[in-house]
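The values are calculated or read from the model by the stated rules, or taken from the named source; none is laboratory data. Note that the coordinates shown come from a computational prediction; the quantities given were computed from them, not determined experimentally. Every residue, glycine as well, gets a Cβ built from its backbone with ideal geometry; the counts of neighbours run over all protein chains shown. The area values use the complete protein model at the heavy-atom level, side chains included, leaving out ligands, DNA and RNA. Shrake-Rupley method; radii C 1.70, N 1.55, O 1.52, S 1.80 Å.
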Amino acid sequence: IRALVRSRGLGDVYKRQVLALPRPRRATTLRALRIRGGGPVDGALDKIRDLTTTPAGSVAFVACYLAMELCGLPSVPLAAAAGVAYPTKVALAVVLASSVTAACVAYYVGRTRLRPRLDKRISNDRRLRAVAAAVRDEGFAILLLLRMVPMPPAINYLYGAMAPKFPAYFLSTLLGYLPGTVGTVLAAKGATVALPRWCYVAGGLGVLALVGTTVATGRRVSRQLDAYERRV
């Protein structure tokens, strides 16, 4: 039977039907399932890029980013989306500028319109009193450490009520947001664009270093705040 089937050029049919072997996937199906190199995923990414890279789309993107930050919502998904939609340098600039701008606006609102309410909140919370005392005494140094520890965006309003000097607040925010911004944008870019293997190795090591630094910084900040909390 095998010789007869093969002699008539029906070997593939024999393998699938007689031997019950699985039917091979078509090349088009495999390409459609790949994230890189074609298919519906790349088509959707192209549409996102076309939308956000227009002036109106970029303005809308920045407006959404500011709105999420000012509402106290994590903006990490939008930072990752920027890494997909924009070139790397442009994405870093857009995300960092939007984050710092939102932090500065929240700082101003917390220092002016919300100041009475936030002062009451701080006075009723021992931990916040410790943060306020640390910010008042150490300024830029403690602000930079606090910026390197993940916190909800709503903390920016409280920083405004604690009234650190604006240059120290701005510079600590810029430097403290930079590592997380770079990590998020590059991770999103690496997930959608084929990169050399060494880039992924370097990125993994960078993530480990960032996590280790964040944990060490968080412990140091906690010890400093514990010392201030015993005073207040």
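Here ARG127 meets the list (1) part of a helix (DSSP H, G or I); (2) within 26 Å of the chain's Cα centre (by Cα) almost entirely, failing just condition (2).
The listed residues are THR213, THR181, THR217, and the only one of them that is over 27 Å from ARG113 (Cα atoms) and surrounded by fewer than 16 Cβ atoms within 10 Å (Cβ to Cβ) turns out to be THR213.
For LEU174, state whether it is modelled with pLDDT of 90 or more, under 21 Å from PRO74 (Cβ atoms), part of a helix (DSSP H, G or I) and open to solvent by 30 Å² or more (accessible area, probe 1.4 Å).
On the way: modelled with pLDDT of 90 or more: yes; under 21 Å from PRO74 (Cβ atoms): yes; part of a helix (DSSP H, G or I): yes; open to solvent by 30 Å² or more (accessible area, probe 1.4 Å): yes.
So LEU174 fits the description; yes.
Restricting PRO152, PRO87 to those that are under 15 Å from the mean Cα position of the chain (by Cα) and under 24 Å from LEU178 (Cα atoms) reduces the list to PRO152.
Within region 116-136, count every residue that is touching a helix residue (DSSP H, G or I) at 6+ places or on another chain (Cβ under 8 Å) and over 19 Å from PHE170 (Cβ atoms). Total satisfying the criteria: 11.
(1) open to solvent by 20 Å² or more (accessible area, probe 1.4 Å); (2) of a type in the set (Val, Ile, Thr); (3) touching a residue at least 24 places away in the same chain (Cβ under 8 Å): which one isn't true of ILE155, the others all being true? Every listed condition holds for ILE155 apart from (3).
Specify the residue that is surrounded by the most Cβ atoms within 10 Å (Cβ to Cβ); the eligible residues are those in region 72-122 that are of a type in the set (Ser, Thr, Tyr) and more than 16 Å from THR192 (Cβ to Cβ). So that I can check it myself, show each step before the final result.
First, pick out the residues of region 72-122 that are of a type in the set (Ser, Thr, Tyr): 75, 86, 88, 98-99, 101, 107-108, 112.
From what is left, the residues that are more than 16 Å from THR192 (Cβ to Cβ) are 75, 98-99, 101, 107-108, 112.
Details: SER75: 22, SER98: 23, SER99: 25, THR101: 16, TYR107: 23, TYR108: 15, THR112: 10.
My answer is SER99.
Inspect all residues belonging to region 196-209 and state whether any of them is touching a residue at least 40 places away in the same chain (Cβ under 8 Å) and surrounded by 12 or more Cβ atoms within 10 Å (Cβ to Cβ). Taking every residue of region 196-209 in turn, none turns out to be touching a residue at least 40 places away in the same chain (Cβ under 8 Å) and surrounded by 12 or more Cβ atoms within 10 Å (Cβ to Cβ). The set of residues in region 146-157 being over 17 Å from PRO167 (Cβ atoms) and assigned to a helix (DSSP H, G or I) consists of ILE155, TYR157.
Of the residues ALA161, ALA141, ALA191, which is in a helix (DSSP H, G or I), open to solvent by 50 Å² or more (accessible area, probe 1.4 Å), among the hydrophobic types (A, V, I, L, M, F, W, C) and at pLDDT 85 or above? Steps first, please.
Numbers: ALA161 fails: open to solvent by 50 Å² or more (accessible area, probe 1.4 Å); ALA191 fails: at pLDDT 85 or above.
Exactly one residue qualifies, and that residue is ALA141.
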